[in-house]
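Trainee: I am attaching a structure below and will ask some questions about it afterwards.
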């Protein structure tokens, strides 16, 4: 007696039921699936480094030749306004490269591909950034912190301090979040998973700020933790816009407190470390 073919289970296609194709395990889609790859991320990082060298030297020589011919290059390089100007100029080719890479090479809309996804809980995310500042402030009090850092000298003049504060809550966190949580995180998360994606994105995020804080490991740890929180927000909400708001909330809280405590950046006590993540 011939055995009857098995009755297909609910949900199986006729092709499977007929026995012509054996059903296999269904793999879940990757947690992140960006159109770019790790080489593209390295390209952006390399362009950033080259832009930093080129524009800082160009601004330095231009300022020495046009405005400060009587000063040495070393003295001119210590003027914060020049660093702020070069920082702004660096953002231009890097941002252009990001957009050209996504829209020119992969033909995908930039903000959609980067998963900007502006959230509805704007004020709550800003508040999270502010709360993170106070919590990490407690940790900061337990860690060895530098008494004097190169970054703090950028606030010696009120004009420079206000300009830097504006960058610190706008272009600075925007560009850093686009690169670290927009470009780098999804590539790492696709290959290694969400946890390693968050950690390995936060690590270079903390390390690149070391020079401006005198290479102090305590400062790097604080910034690393900021990167972890921003990465978790990006992973959970699927939004670079959300991590940007947390980042801006952290910086903005510090700048607001600094303005009040220093009476408009007119007096910054020594030993008060500023951890603005520009």
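Trainee: Exposure proxy check: 209, 247, 153, 64 ranked by fewest other beta carbons within 10 Å?
Mentor: Working: 209 22, 247 30, 153 15, 64 18.
Placing the least packed residue first, the sequence is 153, 64, 209, 247.
Trainee: Still on this structure, I have one more. Taking every pair of Cα atoms in the stretch 66-195, average 1/r, invert it to obtain the Kirkwood radius, and report Rg/Rh to two decimals. Write down the numbers at each step before the final one.
Mentor: Numbers: Rg = 19.0 Å, Rh = 18.3 Å.
With Rg and the Kirkwood Rh in hand, the quotient comes to 1.04.
Trainee: Over all distinct Cα pairs, what is the inverse of the mean 1/r for the stretch 114-278, reported as the Kirkwood hydrodynamic radius in Å? Write out the running numbers ahead of the final one.
Mentor: Values: mean 1/r = 0.0628 Å⁻¹.
Kirkwood radius, the stretch 114-278: 15.9 Å.
Trainee: While we're on this one: Please report 261, 175, 237 as a ranked list, fewest other C-beta atoms within 10 angstrom at the top and most at the bottom.
Mentor: Details: 261 12, 175 21, 237 17.
Going from least to most buried by this count: 261, 237, 175.
Trainee: Please order 196, 39, 116 by the number of other Cβ within 10 Å, starting at the fewest. Walk me through the intermediate numbers first.
Mentor: Working: 196 12, 39 8, 116 17.
Fewest to most other Cβ atoms nearby, the residues stand as 39, 196, 116.
Any read-out appearing in this document is the output of simple, stated calculations on the displayed coordinates, not a laboratory observation. The structure displayed is predicted, hence computed values, not measured ones. Ideal geometry is used to build each Cβ from the backbone, glycine not excepted, and the neighbour counts take in all protein chains shown.
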